[in-house]
Amino acid sequence: QIQFVESGGGLVQPGGSLRLSCAASGKIFHLYDMAWHRQAPGKQRESVAVIRSGGSTDYGESVEGRFTISRDNSKSTVYLQMNSLKPEDTAVYYCQVRLGPYEYWGQGTQVTVSS
């Protein structure tokens, strides 16, 4: 079982920035594909960004150009830099590990964008 430590969520004004962090346990972190998803109240969970073990990235259409996913394998941590935040970015953000057919989820961190 993979253990997660997610941090960085909070309340921010529209136009502001936040950086989420997710540290995942395991000695083979460098082999994981890592992703961020989010779920707003009353909505389905959606994919925000993914960074594969080789470093390639993909982003959801709604965050392209505003969010950046990165990883530090030496710290077993994945980051999500979120800029130009909008009220519609308000959601619980979840970290996900993908390893072959398996996936594991963090506990989530709340991001609220409001004035």
Next on the checklist: For the structure I just gave you, tell me whether Tyr59 is farther than 20 Å from Gln1 by Cβ, free of Cβ contacts under 8 Å to residues at least 12 places away in the same chain and of a type in the set (Phe, Trp, Tyr).
Outcome noted: yes
Checklist outcome for this item: Taking the stretch 1-13 and keeping residues in contact (Cβ under 8 Å) with a residue 60 or more places away in the chain and part of a loop (DSSP other than H, G, I, E, B) leaves Gln1, Ile2, Gly8, Gly9, Gln13
Next on the checklist: Just checking, does the stretch 92-100 include any residue being under 21 Å from Ile28 (Cβ atoms), open to solvent by 60 Å² or more (accessible area, probe 1.4 Å) and modelled with pLDDT under 95?
Outcome noted: yes
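Looking at Gln13, is it modelled with pLDDT of 95 or more and either out of contact with any Ser or Thr (no Cβ under 9 Å at 6 or more places or on another chain) or exposed (fewer than 15 other Cβ atoms within 10 Å of the Cβ) (or both)?
yes
Against the definition (surrounded by 13 or more Cβ atoms within 10 Å (Cβ to Cβ) and assigned to a strand (DSSP E or B)), how does Val111 come out, yes or no? Quick ask: steps written out before the conclusion?
Values: surrounded by 13 or more Cβ atoms within 10 Å (Cβ to Cβ): yes; assigned to a strand (DSSP E or B): yes.
For Val111, the condition - surrounded by 13 or more Cβ atoms within 10 Å (Cβ to Cβ) and assigned to a strand (DSSP E or B) - is met.
Kindly provide the set of residues from the stretch 25-43 that are closer than 26 Å to Glu61 by Cβ and surrounded by 12 or more Cβ atoms within 10 Å (Cβ to Cβ), ordered by number. Before you say what the answer is, go through the steps one by one.
Initially, the stretch 25-43 is screened for residues closer than 26 Å to Glu61 by Cβ, giving 32-43.
The answer is Tyr32, Asp33, Met34, Ala35, Trp36, His37, Arg38, Gln39, Ala40.
Conditions tested, residue by residue: (1) touching an Asp or Glu at 6+ places or on another chain (Cβ under 6 Å); (2) over 13 Å from Thr109 (Cβ atoms); (3) not in a strand (DSSP E or B).
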site	(1), (2), (3)
Gly15	no, yes, yes
Gly26	no, yes, yes
Trp36	no, no, no
Gln44	no, yes, yes
Ala49	no, yes, no
Gly54	no, yes, yes
Ser62	no, yes, yes
Tyr79	no, no, no
Next on the checklist: Tally up the residues in the stretch 54-95 that are out of contact with any strand residue (DSSP E or B) (no Cβ under 6 Å at 6 or more places or on another chain) and hydroxyl-bearing (Ser, Thr, Tyr), please.
Outcome noted: 4
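The values are calculated or read from the model by the stated rules, or taken from the named source; none is laboratory data. Since the model is a prediction, treat every value here as computed from it, not as a measurement. Reconstructed Cβ throughout: ideal geometry from the backbone, glycine too, with neighbour counts over all protein chains shown. With ligands, DNA and RNA removed, areas are computed over all heavy atoms of the protein, side chains included. Shrake-Rupley method; radii C 1.70, N 1.55, O 1.52, S 1.80 Å.
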